[in-house]
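Have a look at the structure below before the remarks.
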Amino acid sequence: MLLGIEGMFLLISANDLFIIYIAIELQSIALYILTSLKRYSNVSIEAGLKYFIYGSFASGMLLYGVSLVYGSLGTTNLTQIYILLYSLSIDNDNLPLSLVYGYVLIIAGLFFKLGLAPFHLWVADVYEGAPSIITYFLAVLPKISILFIFYRIFGFALNYKLQILQYSEFFLFLFICSALLSIFIGSIGAIYQTKIKRLLAYSAIANLGFILLGLSTCSFSGLFAALYYFFIYILALIQMFYILIIVRRVNSYLKIKNLIEFVALSHTNFSLSFLFMFALLSFAGIPPLIGFFGKLLIFNSLIINGQYLLAFIGVLFSVLTSVYYLRLIRFLLFTDQVKHQIYFLVPLTTRQAFFLASLSVLNISMFFFQGPLLLFFHDVTYLIANAYWLKIYCIFHF
């Protein structure tokens with residue numbers, strides 16, 4: 001786990017495509033091992049093996065894309081690449097096709113690491129096979145580093161001030177298609193799931209599709225909405241996974257895995273099922289919870305930039321994604337408990353109850369403190385979107 005975190009820190013601080021590849025591999029190899037940590041579980045070993053095979057193929061695509069970029073521009077340094085691309089766009093020179101193919105392969109490799117469609121096939125199996133704490137680790141930390149480096153690599157084409165690249169519309173078309181496909185597959189796939197971790201896997205695919213939809217607007221408002229949405233997603237995910245980790249049966253000390261087993265949660269601990277419902281409603285985007293404002297900002301950025309059709313499709317899919325969250329709430333609170341086998345769960349400790357209550361209060365209280373929160377993320381977005389590009393602009397001109 002420490003090696004994986006080291007790879008993430010190295011990835012965030014990297015400014016060269018080869019260093020980025022090495023950091024991604026360091027992070028990925030640690031994640032392969034963590035996924036198959038339960039050595040005596042066939043499901044865990046199978047998940048680790050699938051993750052390794054798919055990940056090796058994606059790493060090969062990523063490395064081949066880096067080699068094509070190097071062959072086209074003669075450098076792998078991101079700063080020098082931006083300067084060369086900027087000079088080519090100013091002089092109206094055609095970009096070499098090998099460079100475009102290289103960037104397409106890099107996109108495919110990073111989309112795999114994020115679990116975006118059509119490179120999502122590993123997500124559900126890995127989420128289900130890995131131990132619960134490792135699943136939470138996979139769901140949060142690697143996505144932060146990959147999203148950051150994704151914007152570092154493609155920020156030149158996505159930056160709202162520098163939309164002058166010849167193939168920027170082609171790349172944006174790829175991003176929009178992947179975002180819509182991820183939302184569609186994540187929404188439809190989650191409806192047919194019977195296990196909670198597979199449901200969360202498809203939910204992650206759909207949520208990352210919403211984040212990519214915000215980035216595809218090529219605007220400051222889109223980047224701002226994507227960062228805000230990702231923060232809200234992590235906050236709700238912490239609450240949900242914490243409940244999944246601590247809730248166990250009294251007799252066998254096993255965790256809850258199937259959706260129908262959540263009937264026992266409301267029977268044993270109604271207040272805990274009520275807190276779990278808050279996290280689900282936040283995921284679904286129900287006001288006044290904080291998840292509603294994340295989706296609102298995504299749709300608002302689409303409307304501001306004139307992408308009304310994408311906003312309409314996003315709203316429809318947002319309604320569809322709420323179906324499987326409400327289905328789980330039905331198991332929690334509105335299912336006849338007499339028809340199902342009820343077993344008792346281990347009571348929570350005072351520390352666990354206090355932590356869960358604090359997360360729920362934070363989720364609700366953010367509705368009343370939207371101003372400072374939005375201002376903070378506005379400043380962070382401004383630094384990310386402007387400071388680095390201003391440096392590139394100054395290097396080129398002066």
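A short reminder: the numbers here are calculations on the coordinates, not readings from a lab. None of the values given here were measured: they were computed from a predicted structure. Don't worry about glycine lacking a Cβ; one is built from the backbone with ideal geometry, like all the others, and counts go over all protein chains shown.
Which option, [x] 20.9; [y] 19.7; [z] 18.7, is the value of mean projected area of the Cα convex hull in nm² that was calculated from these coordinates?
Computing mean projected area of the Cα convex hull in nm² and matching it to [x] 20.9; [y] 19.7; [z] 18.7 gives [y].
If you take every residue apart from Leu265 with its C-beta less than 14 Å away from the C-beta of Leu265, what net charge results, scoring Lys and Arg +1 and Asp and Glu -1?
+4
For Phe334 and Thr75, compute 0.36 nm times the residue count separating them, minus their Cα-Cα distance, and round to one decimal in nm.
Computed gain between Phe334 and Thr75 is 87.2 nm.
From Cα pairs below 8 angstrom and at least 6 apart in sequence, can you work out the relative contact order of segment 1-141, rounded to a whole percent?
29
Cut-off is 10 Å between beta-carbons; in what order do Val140, Val323 appear when sorted fewest neighbours first?
Val323, Val140
List the relative contact order of the chain as a percent without decimals, with contacts defined as Cα pairs under 8 Å and 6+ residues apart.
Computed value for the chain: 14 percent relative contact order.
Take Leu213, Leu63 and order them by how many other Cβ atoms sit within 10 Å, fewest up front. If you can, show how the numbers build up before the last one.
Working: Leu213 30, Leu63 19.
Lowest count first: Leu63, Leu213.
Compute the FRET efficiency between Tyr192 and Phe368 as 1/(1 + (r/R0)^6), taking r as their Cβ-Cβ distance and R0 = 35 Å, and round to the nearest 0.05. Kindly include the intermediate steps, with their values, before the conclusion.
Details: r = 38 Å, r/R0 = 1.08.
Calculated transfer efficiency: 0.40.
Based on the Cβ-Cβ distance from Gln352 to Leu121, what FRET efficiency comes out when R0 is 25 Å, to the nearest 0.05?
Values: r = 35 Å, r/R0 = 1.40.
After rounding to 0.05, the efficiency reads 0.10.
For the chain, with only Lys/Arg (+1) and Asp/Glu (-1) charged at the beta-carbon, what is the dipole magnitude about the Cα centre, in debye rounded to 20? Intermediate values should be presented prior to the final figure.
Values: 20 positive and 12 negative charges, 253 e Å.
That gives the chain a dipole magnitude of about 1220 debye.
Which of the residue pairs Lys113/Lys197; Lys143/Lys295; Lys50/Lys295; Lys257/Lys295; Lys38/Lys197; Lys195/Lys295 have a Cα-Cα distance greater than 21 Å in the structure shown? Display every interim value, and only then the final one.
On the way: Lys113/Lys197 18 Å; Lys143/Lys295 19 Å; Lys50/Lys295 33 Å; Lys257/Lys295 28 Å; Lys38/Lys197 16 Å; Lys195/Lys295 26 Å.
The answer is Lys50/Lys295; Lys257/Lys295; Lys195/Lys295.
Between Ile234 and Tyr382, how high is the FRET efficiency from 1/(1 + (r/R0)^6) when r is the Cβ-Cβ distance and R₀ = 22 Å? Nearest 0.05.
Using R0 = 22 Å, I get an efficiency of 0.55.
Of the options Leu17, Thr79, Ala58, report the single residue whose Cα projects farthest towards the positive end of the charge dipole of segment 1-150 (beta-carbon charges: Lys, Arg +1; Asp, Glu -1).
Of the options given, the answer is Ala58.
Can you give the net charge of the other residues whose Cβ lies under 12 Å from the Cβ of Glu46, counting K and R as +1 and D and E as -1? If you can, show how the numbers build up before the last one.
On the way: positive: Lys38, Lys50; negative: Asp125, Glu128.
Once all neighbours under 12 Å are counted, the net charge is 0.
Only Lys, Arg, Asp and Glu count, each charged at its Cβ (+1, +1, -1, -1), so figure out the dipole size of segment 167-398 about its Cα centre, rounded to 20 debye. Before the final figure, lay out the partial values.
Working: 13 positive and 4 negative charges, 163 e Å.
Magnitude of the dipole: close to 780 debye.
Could you work out the helix-only [θ] at 222 nm for the chain, with each DSSP H run of four or more residues adding -39,500 (n - 2.57) and the total divided by the number of residues, to the nearest 500 deg cm²/dmol? Write out the running numbers ahead of the final one.
Details: 17 runs with 300 residues, N = 398.
Result for the chain, helices only: -25500 deg cm²/dmol.
Sorting Phe175, Phe154, Phe210 on the 10 Å Cβ count, fewest up front, what's the list?
In increasing order of surrounding Cβ atoms, one gets Phe154, Phe175, Phe210.
Would you mind calculating the gained length between Phe173 and Tyr253 on full extension (0.36 nm times residue separation, minus the Cα-Cα distance), in nm to one decimal?
Full extension of this stretch gives 23.9 nm more.
Mean separation of Cα pairs under 8 Å and 6+ residues apart, divided by the residue count of segment 167-398: what relative contact order is that in percent?
On the way: 271 pairs, mean separation 56.9, N = 232.
Normalised by residue count, the contact order of segment 167-398 is 25 percent.
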